[in-house]
Structure formats: structure tokens, C-alpha cells
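In what follows, a structure is listed as C-alpha cells, so that the remarks can point back to it.
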Amino acid sequence: MSQIVDHLAELTGFRDRDVLDVTLVGALRDLLRPQEVAIYRAIGEPGAQVWMTRARLRQGDTTPQADPLWAEPGSLPALDSAPERLACLQRQEAVLHSAESAWAWFPVTNEQHAIQVLELHTARPLDAEALRLVCSVLRIYRNFQDLLDYSERDTLTGLLNRKTFDESFLRVASAAAAPVAGAQTAVRPELRRFAPAGQMWLAVIDIDHFKRVNDVYGHLIGDEVLLLLSRLMRSTFRFHDHLYRFGGEEFVVLMRCDDAEAAAAALDRLRQAVAAYRFPQVERITVSVGFTALRSSDSPSAAFERADLALYHVKQNGRDGVAGHAQLVAQGHLQDRERDNKIEMF
């Protein structure tokens, strides 16, 4: 019993979701001694979804394995490559299979639906006591996830909220200095998943003339616009991009792209998707976007300020556009205040 309590205490001791998945598979490996335990998540567009390995431990493994968060969906296995796992996801109920050894799949749910599957491979079928243990641990996991959602997510859109931004920013920035995944170093598993695969970018997104939407159509329609925009953001950006609602009509994205052109293209896809979407009653809205590359010495406020300056330039020059801070500085439209300050110091 004390071992179970210890693992539950560890499971609920982290506020990082990646660490939480790693802790869950570690706890079940220690408690049940399976041949393999893993958590898989379904990601991607409907009809083209794939399995991302969130955490997996086999017998003899000392650290969990996981797919990097920036992995291209085309490099991951399709949902139908694992029929029993897929059946568990679709039915949202446990699937058990016994042959020479035993397999079991359990849906890992949040408040709405199952988005992940826990997979166990054991030498013998799980008995009633083991099944109850797994279900109980998953209930605790789900309840803790719900608590994280309540504290970290915007209640209207479900995107991350403003107060989680600084922590996420610093974690991503510190991971950017970590060695590449696969290197034989003592990098924490959750940082290894954020290892460098391109430059990090911060973008600020603002709905044009949103006050007019609220004034003309009312706040209920305004809230629906915000909700629909958040859904467009989820469908436009990738699984590993961090999406925030800062409040009102202001949204923020932390994403990884190879260069400024790729970042601008990703953000312009959102701009075009919003412009083409027909919102109830309002019909058409547009967004303005400013973005910047993250620097090694950046604080969250410094990076945000640069992106916000680029956004302000878009607002002052017709709206419905995307602009990068570095490009505006190069064109003479903005001054790089941070670099100017450093020059003055010396």
C-alpha cells in the first residue's frame, strides 16, 4: 500500500503534463511489472490522424521513450495501424486481448472525450485486482488533468491562459539550450522532447475592430467569435505549438519554425483561414498579427513587446496582415530598442 501511495504522491506532484505522462507509465511499470506500458495520443486532422507516443517503458528501460513534440505527422503511424488501440479510443472503453501474452488498452479521458490510450503488455491477463488498480490510477490521473485545465486554461476557449505563459516561455527557452534528442546526456526527459528543431517564435494575434462586434451584435456573439477563432487556431497550428488567450481579443502563439519565412507563412495561413470563415451574424472578421524570434537572453515581456510592436504596425497600416519585428527593423519602420540599449551600455 505504501508503494501505491508513494506513486500517487509523485503522480500529482508535477504541473507539467509531459512529466505527468512519464510519471504515470513509471508508476504502472513499478506496480504491475508489465513487459511494456505506454501512453499514445491521437493527433492531426480528422481523417489523417496518427499516433504520437507520449511515454513508453519496456522491461529493462531506465528512462521513458517518447516521440518528440515537433515530429511531423507523416513520420508517425496512422491510427488504423493499431486496430485494438483505435477501438479503445473510438468506443471509449477498455479492450482486452489474450493470446501467448496479454494486451490491454484503456481510454485516458478528459472532461469531454478520450484523446489518449494507455497500453499494457503483460505476461498474463490482468486479474480483477490489477484492473481495479489501473482504473483507479487513471481516475486520479484524469482528475489531476482536470484540475490543471481549470487552473491553466481559459474557460471560454480552452486555450492556455495568460498566467501560464511565463512558465511555458521559460521552459521552452531553457529547453532550446538542451542537447538534441537522442544524445547520450542526462537531459531531463521532458526537456528532451523540446530539444532544438528550429527557431522559436512568438506571435501576438488581435481581432480587428472586435469592440464593434460586441457593440453591434452583443457579447454573446462576441464570445462565439472568440470560441470559433480558437478552433481555427487549433486546426491551423500544430500539436506542439502553444496557444494562449491573453484576454479580450488578444491571442498569443509560441511555435517552432525553421526561419522567418516559415513563421510568417504559418501565421498567414491562420489570417487567411479567419478571413475566409463565415462567422454567425458577424459574417467576416479579420486578424492582425505581429511576431518575433526568441532570443537567448529574452524575458517573456521583452519578446512579447517586440511582437506587440510589430502588431501595432500592422494595425496602423490597414490591419488584416502579418508582420515580423526583425523585418520591420530592417526596413526602418521600427527600432530595436533592446539592441540599442546594449550599444549604449558599451
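Based on what the data block shows, is Asp146 among the charged types (D, E, K, R), farther than 19 Å from Thr23 by Cα and either at pLDDT 85 or above or part of a helix (DSSP H, G or I) (or both)?
The answer is no for Asp146.
Residue-by-condition table, conditions (1) in a loop (DSSP other than H, G, I, E, B); (2) modelled with pLDDT of 90 or more; (3) not assigned by TED's automatic domain parsing to the domain that holds Gly74:
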position	(1), (2), (3)
Val172	no, no, yes
Gln184	yes, no, yes
Met200	no, yes, yes
Asn214	no, yes, yes
Ser235	no, no, yes
Arg238	yes, no, yes
Leu243	no, yes, yes
Val252	no, yes, yes
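Considering only residues that are of a type in the set (D, E, K, R) and closer than 16 Å to Leu120 by Cα, which ones fall in segment 45-79?
Those that are of a type in the set (D, E, K, R) and closer than 16 Å to Leu120 by Cα: Arg54, Arg56, Arg58, Asp61.
Got at least one residue in segment 284-303 being surrounded by fewer than 20 Cβ atoms within 10 Å (Cβ to Cβ), over 24 Å from the mean Cα position of the chain (by Cα) and either assigned to a loop (DSSP other than H, G, I, E, B) or in contact (Cβ under 8 Å) with a residue 40 or more places away in the chain (or both)?
yes
For residues that are modelled with pLDDT under 90, part of a loop (DSSP other than H, G, I, E, B) and of a type in the set (A, V, I, L, M, F, W, C), tally how many sit in segment 79-110.
Of the residues in that region, 1 qualify.
If only one of Ala307, Ala323 is surrounded by 12 or more Cβ atoms within 10 Å (Cβ to Cβ), touching a strand residue (DSSP E or B) at 6+ places or on another chain (Cβ under 7 Å), in a helix (DSSP H, G or I) and in the same structural domain as Ala203 (by TED's automatic domain parsing), which one is it?
Ala307
Give the residues of segment 30-69 that are closer than 24 Å to Val172 by Cβ, β-branched (Val, Ile, Thr) and at pLDDT 90 or above, sorted by residue number.
Ile39, Val50, Thr53
The values are calculated or read from the model by the stated rules, or taken from the named source; none is laboratory data. Everything numeric in this text was worked out from a predicted model, so none of it was measured. Because the Cβ atoms are built from the backbone with ideal geometry, glycine has one as well, and the counts that use them run over all protein chains shown.
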